[in-house]
Each structure stands twice: as C-alpha cells, then as structure tokens.
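I have placed the structure first, in the form of structure tokens, so that the comments after it can refer back to it.
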Amino acid sequence: MTAPERWDAARVRQLFRDTLPGRNLVVVSNREPYQHVWGDSEVRVDRPAGGLTAALDPVLQGIGGTWVAWGSGDADRAVSANGIVWVPPENPGYRLKRVWLSPREVRGYYEGYSNRVLWPLCHLLIERVDLSEAWWKHYAQVNRRFAVETAGVARPGDVVWVHDYQLALVPLFLRSRCPQVLICSFWHIPWPPHAAFRFCPQASQIIKGLLGCDLIGFQTPEYAVSFLECVEKELGDACQVSYDGGGPDPDSGWAAGQVRWQHGTVAVGAFPISIDYDAFAAMALSRDALAAARRILRRLGLAAGAAGVRLRKGNTLQPLALGIAVDRLDYTKGILERLAALDRFFSDNPHYREKVAVVQVVAPSRTGIPDYRRLRQQVSSMMDELNQRHRTEIWQPVYSIDHKLGPVTLAGLYRLADFAIVSSVYDGMNLVAKEFVAARSDGDGVLLLSKTAGAAAELEQAIPINPLDPAGFAAAIRTALEMPAEERRRRMAALRAYVSEHNIYHWVASFLRALGSLPAASSLPVASSPAGADVTQPAVPRPVRHTRAGVNR
Ligand code: F6P
C-alpha cells in the first residue's frame, strides 16, 4: 500500500479551484496576520503572537484572496488610506483589509465581551466571567461592522470563512446582507458543555449568529458535539439537530451532525488545526535558528554547543537537560500550574538540581485586561520564589524570557531542548506542541502535554499531564527525563509521522472538502463579473518605507 500523498500549498490551491471553481476566498478574523507599528522613526511590520494567524497565513499565501481583520497596529492607518495592504510585505500573496475600531469599541468588544465573557466561559473558568458591564452592545456593533466590511469585498458565490469567538455574530449578519455567499466558521477555542454555556446571558444570540453558516468547524469531536447539544438546549423546537454526521472521514474531517434552521441546513464537524510542518522543520534545521537560540541561551548564562546545553561550573561545563515552554501570557495556559509542578519536582528530586532547567518564554498578551496584568505579577513572583527556594550559585530551575520570540529563534530553542512542556489548563488546540514535534528532525525530545489541550486528542505519544495535579505533573517530568532513548525516539517518530501528514494544508483541505460537498456549494451561482478594481495585485509589488514624516517609496 502506498503512503497517502501529503498536502501542500500547491495541492490545496488546486483543490480550491477544483472544488469551489470560480470562487474567491475571504477570511475574516479579529486578529490581523501583519501589524504595522511605529519603531523609533520608521514603521516596521510585526507578526502578532497566537496560533490563529500563524496557522492561517500560509493558507492564504497558498490560495490567495482577502483577509478582513481589525487594524490593531498603531501605524496601520499610516500605511494605507483605504485600509488595504498586500501581504506578506516581502512577497505579497493576498490582500489584508483592515477594519478600524475606536478605543471604546476595543474596550467593549475585544477586552470586554470577547475576553472577559466568552474567553473564560469557553475555557470553563466560570469564576472569571465578568457580566457586570454592558459590553454586549459593542460586541454586536463591531460584529455588524465586520459583516459590512466583508460584504464590501465578497462577490456572490465567494467563500467567506469567519474565525473564532470574537466574531460569532458575523455569519448571521452577513447572510442577511449577502445571501449568495458560502459562509463558514471555525471556532479555535473549546466549545463548552451546556452546563457552562448557559451562564452566558446571550447564549441563544451567539448560537443563532453562528447558525448563519453553511458549515461550522471545531477543533475536536467533543467540542462539536457540545455545540450541537447547546443548540438543541438553547433553541429547542425552533430547530432540528441531528447527530448522524457520519463520524471520522480521512478526507473531510469528522462530521458530527447537522442543524436544520431558518435558512437551511448547517453542517457541524471537527477539523483539528495544525502547522506548516515542512516550513517549520526547515526553519529548525537552519543555521540561523541554532545561532539565534544559542545567543538567547548565552544571554541567560547557559552554554549551548555541539554537545548540547551545558552549565558552566568553574572551568568545566556540565550537561544540563533543558526544558522549553512557550506561551502567550494567559491564565488558560497553565503557567502558574507548571511552576507549582516544577517546585514539587525539585523538592521531590533534589538530586536533579543543576541537572535540569526550564526556559519559559512568555509573550505579553491582552495587557489592557486586569486579570492578565495580575497574572503577569503572579508569574513573576512565583518564579522568583521557586528560583530562590532551589537555586544554587551557578544554576536556577527556571530561566524566563518575558517577550515574544520570532519563529526562527523558537524553532532553534525547540531543537536544543530535551523536553517541551505544554500544560494548558484548557486549550482549543495548542500549536506549540506541534511546532516542537516539527522541529525535532533529530528524532529525539519528549513532549509533555496537558490532557486538556485539544492537541492531546491527536498526539497520543506525548506524556499526558494533568496541570492541576502537581505531584502527578512532577512525576511526569521525571518520567520524561528518565525515558530510555529508544522509547523517546519511538514516540517522537510516531508524533512526527502524524503531524507531518496532518499539517496545516491537510486541515484546510479537509475543511474545504467538507464545504465543497454541501449542496449549497454546487447550487450557489458564481459571480461572472470580476471583483472590485482594488482586488488587482500590483504587477510588481514595490517596497515601501514609511517614516513619521511621510511615505518614502
Ligand atoms: O485562538 C484563540 C485566539 O484568541 C485567537 O483568536 C487569537 O488570534 C489568539 O488567540 C491570540 O489572542 P489575541 O488575538 O487576543 O492576542
């Protein structure tokens, strides 16, 4: 039997043309893939932290189309009067249409309803849900704005793919404006059981918003089924829910079921998101990646050479088993829980002092929200305590990097590490786990992975951890350190084979196939007229330098 052909950008582009001929792709998300920000005197381009944009950017580069997103960079307005820019800047492949939000809207829609109501609710952190303010009206208003902006760039017959919890109402608003487009949504974070979801005062509006879609995708079958249960419980007899989607299908995801609702039938399925495996693996193999990672480790006081990471002790260098953890600074990522487990580990296993250390990279996130600011302080003081308790003259348990690192440096760090820890308390997927696997072309390295991260449903060869159980978590760290090389390699080989096949292109292919198989995909007419004039890419993209004084070409 021959191995299945792997998905790549070219095959996905062809699949899009074959399955959805004549249609354009319009992606809609809150976060933009490229942000223009002011440096000292010039504009630079930044790539925000977060799995959504990292995963979707290669897809858009492969297929082409338009990405509609909040223009959140402080120089975004300076670089384009109409809010449209071609990206990636160095090799333009698709256009980014920015939506402008006022500071008040950002507070109400983004920091408020999205991240202080829906985010904690979907991550089952009910006690953090804050219903004290009237954020809903900003959420609805901004969702309407996104729908209007999207309607401005989508032609009849186009595929509009809306992403994540910030934009749950866009599908419904868009359907009423553009009944002739195919609308789908992908929910990147967990979908909670109804026992939690019912705390949302706008539960039925959120569901009705999403039911504006033809297809809704979730990260795991569990979340997809939870969604169907919530639809049934919230909408009752007003809709018909069926759970006979057909289950797993190697080509088109995991079909959970359907909802019959006002405009027709909405298909619901699970499509676990992934990474651009080949690109990440190649990056990890590059000299730049190793050099960047070594530089960072040196700055932390650790030596990293051909023989691995070393700790300097007088004139000698002794081996150090290195752990790596990479997170947005978010309470769902289990950073405090990881520090508690490390504390327990070094208390239970004092002989591992000076033998093991963890590099913890945290990218600041959502700094306008009090819970996130508090978390920053908590992480820093817990890390100080942990280091104080166990440190020696030449070593400390945790070395912290408190800013975002670029993918090249991260890839190098993954490659130099002996193990990676992903300890989310709850997580839609977690792509750090998949990046670590892709970076290990040496076939070594151990992944410790929270049972409650979506990735655990796929990455069965990882060592499972319960982030809330410090003793069990500490024991798992010891298991990782003492695992025989043969077993490490066997597990890593299986993980790599899985992620290599189930890469980001496989994800988009299965979603597009599911979409293409819907009756609406063949019945909706395709626009015969070309898209608006601004759709045309400049024949030769010109590099543009922006300064505070103006634009230099
Ligand atoms: O996957 C969840 C998510 O909220 C994405 O929608 C987002 O891009 C990422 O996490 C980072 O969060 P934020 O956009 O709020 O910085």
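Share of segment 291-427's accessible area from carbon and sulfur, percent, 1.4 Å? In segment 291-427, the share of accessible area belonging to carbon and sulfur is 47 percent.
Scalar couplings 3J(HN,Hα) for segment 189-195, obtained by applying the Karplus form with A = 6.51, B = -1.76, C = 1.60 to θ = phi - 60°, are 9, x, 9, x, x, 4, 4 Hz; x denotes Gly and Pro. Site-free segments of the chain were taken between GluC sites (Glu not before Pro) in DSSP loops having at most 12 other Cβ atoms within 10 Å, sites themselves excluded; the longest one is 91-392.
Computed from backbone phi, the HN-Hα couplings of segment 121-127 come to 4, 5, 9, 6, 9, 4, 5 Hz, rounded to whole numbers (Karplus: 6.51 cos²θ - 1.76 cosθ + 1.60, θ = phi - 60°; Gly and Pro given as x).
For Lys233, the lysines whose Cα falls under 16 Å of its own Cα, not counting residues fewer than eight places away in the same chain, are Lys208.
Spatially, segment 294-327 and segment 106-154 are offset by 43 Å when compared through their Cα centroids.
Here's how it looks for Gly257: its modeled amide H is under 5 Å from those of Gly245, Val268, which are all 5 or more places away or on a different chain. Place a point 7 Å from Cα of Ser347 in the direction of its Cβ. Which residues in segment 451-495 have their backbone N less than 11 Å from it? The answer is 470-471, whose backbone nitrogens lie closer than 11 Å to the label point.
Positive end of the dipole of segment 277-501 (Cβ unit charges, origin at the Cα centre): among Val408, Ile335, Ser450, the Cα lying farthest that way belongs to Val408. Could you check how many percent of all C-alpha pairs in segment 1-93 are farther apart than 15 Å? Every Cα pair in segment 1-93 considered, those over 15 Å come to 66 percent. Rounded to the nearest 20 debye, the dipole magnitude of segment 353-506 is 220 debye, with +1 charges on Lys and Arg beta carbons, -1 on Asp and Glu beta carbons, and the Cα centre as origin. Ligands, DNA and RNA left out, the 1.4 Å accessible surface of segment 1-134 is 47% carbon and sulfur atoms. In this structure the amide hydrogen of Ile465, modeled in the peptide plane, comes within under 5 Å of the amide hydrogens of Leu449, Ser450, Lys451, none closer than 5 places in sequence on its chain.
Accessible surface comparison of Trp7, Trp86, Trp161, probe 1.4 Å, protein chains only, largest first: the order is Trp86, Trp7, Trp161. Computed over the chain, the quotient of the alpha carbon radius of gyration and 2.2 N^0.38 Å is 0.97.
Between Ile84 and Gln262, the contour length at 0.36 nm per residue exceeds the alpha carbon distance by 60.6 nm.
Taking every lysine pair in segment 277-501 that is 8 or more places apart or spans two chains, those with Cα atoms closer than 17 Å amount to 5. Quick check for you: which residues of segment 194-214 have the amide N under 17 Å from the point 7 Å beyond the Cα of Ala238 toward its beta carbon? Only 198-213 pass the distance filter. The calculated pair-distance distribution of segment 218-260 uses every alpha carbon pair, bins of 5 angstrom beginning at 0, and gives 6, 23, 32, 22, 11, 5, 1 percent. Shape summary: segment 277-501 maps onto an equivalent ellipsoid whose semi-axes, from the alpha-carbon gyration tensor, are 23, 22, 18 Å in decreasing order. Taking the Cβ of Pro484 as the centre, find all other residues whose Cβ is under 13 Å away and add up their charges (Lys, Arg: +1; Asp, Glu: -1). Cβ neighbours under 13 Å give a net charge of 0.
Over segment 277-501, what is the percentage of antiparallel beta bridges among all DSSP beta bridges, to the nearest 5? Here the antiparallel bridges make up roughly 25 percent for segment 277-501. Label zone of Ala282 (point 7 Å out along Cα→Cβ, amide N under 20 Å): in segment 20-59 this covers 54-59. Between the amide H of Ile401 and those of Gln360, Val361, Val362, distances stay under 5 Å, these residues lying 5 or more places away or on another chain, with hydrogens modeled in the peptide plane. Note on segment 111-169: Cα-only Rg and Dmax are 13.9, 44 Å. Entry note, the chain: the mean residue ellipticity at 222 nm calculated from DSSP H runs of n ≥ 4, each adding -39500 (n - 2.57), is -11500 deg cm²/dmol after division by the residues and rounding to the nearest 500. Multiplying the residue separation of Leu317 and Thr479 by 0.36 nm and subtracting their alpha-carbon distance yields 55.8 nm. Solvent-accessible surface of the chain, taken per residue with a 1.4 Å probe and all protein chains present: 41 Å².
Between segment 194-219 and segment 60-83, how many Å separate their Cα centres? Result: 28 Å between the Cα centres. Taking the centroid of alpha carbons for each part, segment 353-383 and segment 255-279 are 34 Å apart.
The values are calculated or read from the model by the stated rules, or taken from the named source; none is laboratory data. Just so we're clear, the structure is a prediction, and the values are computed from it rather than from any experiment. Every residue, glycine as well, gets a Cβ built from its backbone with ideal geometry; the counts of neighbours run over all protein chains shown. These area figures cover heavy atoms from the full protein model, side chains too; ligands, DNA and RNA do not enter into them. Shrake-Rupley method; radii C 1.70, N 1.55, O 1.52, S 1.80 Å.
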